[in-house]
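These notes concern the structure reproduced below.
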Amino acid sequence: MKILAQLIRHQLRLEPNELGHCAIYENELQRIWPLHEANRKEKIQRFAKDRGFRLAYYKPGLCAIFEEDAATHE
């Protein structure tokens with residue numbers, strides 16, 4: 001999880017794009033959360049919140065899109 005958090009942080013802060021988000025695709029998500037794991041979306045949301053991100057979009061089998069959590073940077 002630490003490596004994934006570093007990747008997201010790097011993409012959001014050091015390589016920002018005009019959309020301001022970081023997409024993590026299913027092959028990477030499955031390394032931590034198996035596709036059919038119970039409460040998977042909630043676990044990904046908790047991961048994001050605990051690390052200062054926000055889960056902006058989630059589509060099982062496709063990707064999770066993370067953004068900076070504005071509340072942590074006010």
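Residue 56 passes every criterion in (1) at positive phi; (2) part of a strand (DSSP E or B) apart from (1). For region 26-39, the condition holds for no residue, the condition being that it is part of a strand (DSSP E or B) and touching a residue at least 24 places away in the same chain (Cβ under 8 Å).
Given the criteria loosely packed, with under 10 Cβ neighbours inside 10 Å and out of contact with any Pro (no Cβ under 7 Å at 6 or more places or on another chain), does residue 48 qualify?
When the stated conditions are applied, residue 48 does not pass them.
The set of residues from region 51-74 being open to solvent by 50 Å² or more (accessible area, probe 1.4 Å) and among the aliphatic types (A, V, I, L, M) comprises 62, 70, 71. Selection within region 16-48: residues that are out of contact with any strand residue (DSSP E or B) (no Cβ under 8 Å at 6 or more places or on another chain) and of a type in the set (Lys, Arg). The member of this set that is modelled with the lowest pLDDT is 31.
The values are calculated or read from the model by the stated rules, or taken from the named source; none is laboratory data. Every value quoted in this text rests on a predicted model; they were computed, and no experiment measured them. Please note: Cβ atoms are built from the backbone with ideal geometry, for glycine as well, and neighbour counts cover all protein chains shown. Side chains included, ligands, DNA and RNA excluded: accessible areas come from the protein's heavy atoms. Shrake-Rupley method; radii C 1.70, N 1.55, O 1.52, S 1.80 Å.
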